[in-house]
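These notes are about the structure you will find just below.
No value in this document is a laboratory result; all are computed from the given coordinates. Here the structure is a predicted model, which means the values were calculated and not measured. No Cβ is skipped: glycine too gets one built from the backbone with ideal geometry, and neighbour counts run over all protein chains shown.
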Amino acid sequence: MEDKLKISVVIPVYNSEKSIAELVDRIVKTLQNYIFEIILVNDGSKDKSWIEIEKQKNIYPDKIRAINLTKNFGQHNALLCGFSFCNNDLIITLDDDLQHPPEEINKLVATYINTDADVIYGMYKQKNHSFIRNTGSAILRKTSDYREINQSGGSSFRLIKKRLIDILISKHANHYLYIDEILNWYKSAVALVEVEHHPRKYGKSGYTISKLIIIYINNLYHYSTKPLKIIAGIGFFTSIISFLIGLRFIYKKIVHGIEVPGYTSIIVSIMFSTGLILLCLGIIGNYLYKLYHLQQKRPPYTIKNIL
């Protein structure tokens with residue numbers, strides 16, 4: 001069974017000119033006993049990554065498919081692009097920075113053979129990402145509505161059956177995509193296997209603080225209703241408090257005949273309630289804005305050229 005497995009390896013590439021050659025070479029050596037293809041998606045790199053990809057295509061013309069996107073669309077959109085070119089039964093995704101050792105692919109394959117799971121995540125005993133990225137990932141898992149997969153930590157090093165990939169391409173090719181959430185929607189059989197995670201060998205991560213913040217906000221609005229639940233809770237809480245304060249003033253007026261001056265308290269209440277209303281309207285407006293973008297049916301990526 002093992003020799004007959006057909007594997008597609010999809011790698012989004014961003015500013016990784018120094019690691020591409022080693023990455024491809026190690027993948028080829030690791031998968032030499034399988035039928036395989038490597039799909040490299042250049043996600044708007046600003047360095048010479050595309051030139052390096054072209055070199056690897058010339059070295060392995062029958063093994064590599066190279067796609068050059070017109071600009072940077074993000075990791076998950078680049079993966080979606082790569083998925084549309086996959087021809088094999090199993091799809092493996094990994095990063096371009098060699099933090100996922102290609103040799104660890106064997107562990108994913110072995111787990112698939114033993115479990116026949118739909119999705120297999122390579123989990124790290126110790127992550128060698130920055131503190132900021134690790135913290136951001138933890139926040140993302142906590143704020144997601146679909147936490148069945150994310151509770152385990154998730155990973156961009158995964159094996160996915162082609163059946164799920166076909167569903168993802170046909171039904172979820174939206175402008176903003178978060179693959180793990182969509183996989184979780186279909187209640188797939190998920191398996192985990194411990195793999196190594198190495199320190200970054202070349203350069204710095206493309207995930208800056210600002211990019212991480214944007215990603216987490218987008219995930220909140222596209223894949224979570226928690227902001228709406230929060231403002232509903234705040235609205236309920238403030239209405240109860242306002243009602244109790246109102247009863248207190250009415251009681252003083254009727255029972256004790258005390259006039260409450262209240263100018264300062266009225267101003268403060270108005271300012272507070274107005275700010276709260278504007279905040280809630282802003283959150284709702286962002287949801288409407290995301291729906292507007294979905295209605296525009298903007299493509300999740302555009303391709304400049306294919307090799």
Provide the gained length on full extension for the span Ile277 to Tyr186, in nm with one decimal, where the gain is 0.36 nm per separating residue minus the Cα-Cα distance.
-> 29.1 nm
Cross-link pairs Lys48/Lys125; Lys4/Lys304; Lys55/Lys162 - those with Cα-Cα distance over 30 Å | Lys48/Lys125; Lys4/Lys304
Three-way shape label, the stretch 84-127, alpha-carbon gyration tensor, a/c 1.5 = oblate
Evaluate the distance, in nm, between pseudo-label points positioned 7 Å from the Cα of Ile234 and of Ile167 along their respective Cα→Cβ axes.
-> 3.6
What ranking, highest mean first, results for peptides 13-25, 102-114 when packing means the other Cβ atoms within 10 Å averaged over each residue?
-> 13-25, 102-114
Estimated FRET transfer efficiency when R0 is 45 angstrom, pair Leu244-Asn286 (beta carbons, to 0.05) = 0.90
Between Lys201 and Lys71, with labels modelled 7 Å along Cα→Cβ, what's the label distance in nm to one decimal, could you check?
-> 3.2
How big is D for the stretch 34-74, in µm² s⁻¹ as a whole number, if Stokes-Einstein is applied with the Kirkwood radius of its Cα pairs at 37 °C and 0.692 mPa s?
-> 306
Counting Lys and Arg as +1 and Asp and Glu as -1 over every other residue whose Cβ sits under 10 Å from the Cβ of Pro102, the net charge comes to -2
Going by the alpha-carbon gyration tensor, a ≥ b ≥ c the square roots of its eigenvalues, is the stretch 2-46 rounded (a/c under 1.5) or, if a/c is not under 1.5, prolate (a/b greater than b/c) versus oblate?
-> oblate
